[in-house]
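The values are calculated or read from the model by the stated rules, or taken from the named source; none is laboratory data. Given the structure is predicted, the values throughout are model-derived calculations rather than measurements. Here the Cβ is made from the backbone with ideal geometry for all residues, glycine too, and neighbour counts use every protein chain on show. Note: accessible area is taken over every heavy atom of the protein model, side chains too, but ligands, DNA and RNA are not part of it. Shrake-Rupley method; radii C 1.70, N 1.55, O 1.52, S 1.80 Å.
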Amino acid sequence: MRRPVVKSASRALEVLELFNEQRRPLRLQEIYELLDYPQSSATHLMKSMVHLGYVNYNRASRAYVPTCKVRGLGNWLSSAMYGQTRFHRLVDLLQRRTDETVALSMQNDLFIQYFIIKPPGHDFKMPPDEGNMRLLTDSTSGMALLSRMSAAQVDKICRHINYYEANGEDRVEVNEVLREWRWVKQVGYCYREHHPDPSTSSMAFPLEECLYGIPLALGVGGLADRLARNKMRITQIVRETIAEFHDGLDEGAAPRRERARLAWSGQDVEVGAIEAA
């Protein structure tokens, strides 16, 4: 019984995303053609959005444009979530140190969603857009987040992806994901070459801190050949930067920084021994 409401709500969001892409007033014909909606459905939807105050209709030009009410929907996010300056500082610092694209991602159900992205100043300019989403199993950030879960939880997520999101060749091979999950869990980060594009590679590390209970991962991406040449150096930089970031959150600064240094150097030292030193 509620399906039409869900479909209508989904289409309303698609209309707002269309305005965000086009960045100009749109006439009804443009809207239903660009979104491939039936004309009657688009007419009804736009009338509803006008009546609710989210879209303005100009009878002279017969064009629609979003109103300030749309902007007001997310005003509280500026301070509550996106105003988290320490995360922006973390991304900025890591970008300067690596000179590659740096992304802070968060888990969103079966996906990761890019939260903060900082591209470099050089020629590589193919970063994803903030807000874009990818399946957990299809990204280094997603695998980094999965490494904090149990095998049973990862298995369940894979099965949910296959049931709700995958079709045909897009199905997730659970055993392959678990094989990579064990390796990421062992080394502490995920690295994939030539993925998602043949010319690019990326690596990602889980953060200990969450944002309103949402798990976070920090990733570095760039051209595959450059990332391969600098993999060891970038890995060290990311570990040290994350350790410095967490140092500011509690009083375990020195032990944590030492753990990062020893982890990078390959020394197998018990945490308790470090903290007792």
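Quickly run through the stretch 150-181 and pick out the residues that are of a type outside the set (Gly, Ala, Ser) and touching a residue at least 24 places away in the same chain (Cβ under 8 Å).
Val154, Ile157, His160, Ile161, Tyr164, Glu165, Val172, Val177, Leu178, Glu180, Trp181
Looking at the structure I just gave you, is Val102 surrounded by 13 or more Cβ atoms within 10 Å (Cβ to Cβ), in contact with a helix residue (DSSP H, G or I) (Cβ under 7 Å, 6 or more places away or on another chain) and farther than 26 Å from Asp247 by Cβ? Step through it out loud before you land on a result.
Details: surrounded by 13 or more Cβ atoms within 10 Å (Cβ to Cβ): yes; in contact with a helix residue (DSSP H, G or I) (Cβ under 7 Å, 6 or more places away or on another chain): yes; farther than 26 Å from Asp247 by Cβ: no.
No: the conditions fail for Val102.
The sole residue among Gln95, Gln107, Gln113 that is assigned to a helix (DSSP H, G or I), among the polar types (S, T, N, Q) and crowded, with 16+ Cβ neighbours inside 10 Å is Gln95.
Could you check the stretch 36-59 and list, in sequence order, the residues that are open to solvent by less than 70 Å² (accessible area, probe 1.4 Å) and within 20 Å of Gly74 (Cα to Cα)? Within the stretch 36-59, Met49, Val50, Gly53, Tyr54, Val55 qualify. Taking the stretch 6-42, which residues are over 20 Å from Cys68 (Cα atoms) and touching a residue at least 40 places away in the same chain (Cβ under 8 Å)? Matches in the stretch 6-42: Ser8 only. Applying a threshold of 8 Å to beta carbon distances and a minimum spacing of six or more residues, or different chains, the list of pairs starting in the stretch 43-62 at a residue that is of a type in the set (Lys, Arg) and ending at one that is part of a helix (DSSP H, G or I) and open to solvent by less than 100 Å² (accessible area, probe 1.4 Å) reads Arg62/Leu28. Across the stretch 185-221, the qualifying residues are those that are open to solvent by 50 Å² or more (accessible area, probe 1.4 Å) and under 15 Å from the mean Cα position of the chain (by Cα), and the one among them that is modelled with the lowest pLDDT is Pro196. Scanning the stretch 71-84 for residues that are polar (S, T, N, Q), open to solvent by 80 Å² or more (accessible area, probe 1.4 Å) and either in a helix (DSSP H, G or I) or at pLDDT 90 or above (or both) returns a single hit, Ser79. Annotation: of all residues in the stretch 110-132 being at pLDDT 90 or above and under 12 Å from the mean Cα position of the chain (by Cα), the one that is farthest from Glu17 (Cα to Cα) is Leu110.
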